[in-house]
Amino acid sequence: LPTEAFLSPMRVGEEYHFSIEEGKVLMVKLLSVSNDLDSAGYREVFFELNGVSRKVKVKDNTLTKAQSVHLDAVSERVDPSIPGQVGASMPGTVVDIKAKVGQSVNKGQQLLILSAMKMETVISAPISGKVARVLVEIGDLVQNDDLLIEIEK
């Protein structure tokens, strides 16, 4: 393996050729790295090995300790039959929380903002009522349908 490939991560589109024994050369090309994390903090990495597409899961070691603790802590999922439960519409990072426990909110009012791939998404109140619980903090990583906030009528 070339030293630069061992010491620093490959960039998308980068390709390395290296010999594993006389007459056997491996060609590795990085195709993409997913932006989504699974609940254990792994990302999917897509690459070509000798022209054949492959996929592996790789632990993201760039997460902060608080972020990786939260990945295991989220156990509540949104229940679509309960109108006051507000879930994540996409995987992302909580960048702003505009609602506090006990606060009255109106339908459509901004509750929090998620960021993924440098795009921000506003999460709004599905009903009017009082905020009963806020289950996330700024900087938390959330997955699709994680329960974020509960509103009581």
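The values are calculated or read from the model by the stated rules, or taken from the named source; none is laboratory data. What you see is a predicted model; the values in this text were computed from it and never measured. Reconstructed Cβ throughout: ideal geometry from the backbone, glycine too, with neighbour counts over all protein chains shown. Heads up: the accessible areas ignore ligands, DNA and RNA and are worked out on the full protein's heavy atoms, side chains in. Shrake-Rupley method; radii C 1.70, N 1.55, O 1.52, S 1.80 Å.
Would you mind listing the strands (runs of 3 or more DSSP E) fully within the range 1-64 where at least 3 residues are farther than 27 Å from Val94 by Cα, open to solvent by 80 Å² or more (accessible area, probe 1.4 Å) and not β-branched (Val, Ile, Thr)? Don't jump to the end; show me each part of the working.
Values: elements: 15-21, 24-33, 42-49, 52-59.
Ranges flagged: 15-21, 52-59.
Could you tell me how many of the residues in the range 125-142 are in a strand (DSSP E or B) and under 16 Å from Thr93 (Cα atoms)? Step through it out loud before you land on a result.
Within the range 125-142, the first condition is being in a strand (DSSP E or B), and the residues that meet it are 129-134, 141-142.
Filter once more, keeping what is under 16 Å from Thr93 (Cα atoms): 134, 141-142.
Total satisfying the criteria: 3.
Just to be sure I understand, how many residues within the range 98-150 are touching a Ser or Thr at 6+ places or on another chain (Cβ under 8 Å), crowded, with 19+ Cβ neighbours inside 10 Å and touching a residue at least 60 places away in the same chain (Cβ under 8 Å)?
3
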